[in-house]
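Derivation of every value follows stated rules applied to the coordinates shown; laboratory data play no part. Note that the structure is predicted; figures quoted are calculated from it, not measured. FYI the Cβ positions are ideal-geometry reconstructions off the backbone, even for glycines, and counts take in every protein chain you see.
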Amino acid sequence: MTTQPTVGEIVAITTTDSDPLLLVCSQETELITGVLLADLATETIHRLQASEPDTATRQQLATAVERADGCLSFTVPTTDCAFVERDSSRPGPFDGGEV
């Protein structure tokens with residue numbers, strides 16, 4: 001990954017076989033911290049799906065998710081991630097059916 005993802009953006013962790021999707025909740029120079037989309041409640045997924053990346057709404061959702069006690073957060077190097085919403089060759093984070 002050459003550029004930094006923004007808070008609220010969805011990235012794929014590329015160092016695992018399944019490329020799990022991560023909602024970015026905070027960022028540092030070489031690290032991002034987020035929660036797996038698979039761990040989020042259906043309502044939260046729908047709200048993310050209805051919002052556009054890089055918007056205040058998406059950033060507010062990411063901040064709220066980060067503060068919630070129910071989700072385990074992960075910190076990974078930015079080099080281990082791939083943009084999902086910016087890369088047109090990758091399937092979108094919400095493609096593949098209803099949540």
*asked:* Every residue in the range 55-69 that is touching a residue at least 24 places away in the same chain (Cβ under 8 Å) and either assigned to a loop (DSSP other than H, G, I, E, B) or farther than 16 Å from residue 8 by Cβ (or both), please.
replied: 55
*asked:* Looking only at the range 6-24, how many residues end up being crowded, with 24+ Cβ neighbours inside 10 Å and in a loop (DSSP other than H, G, I, E, B)?
replied: 2
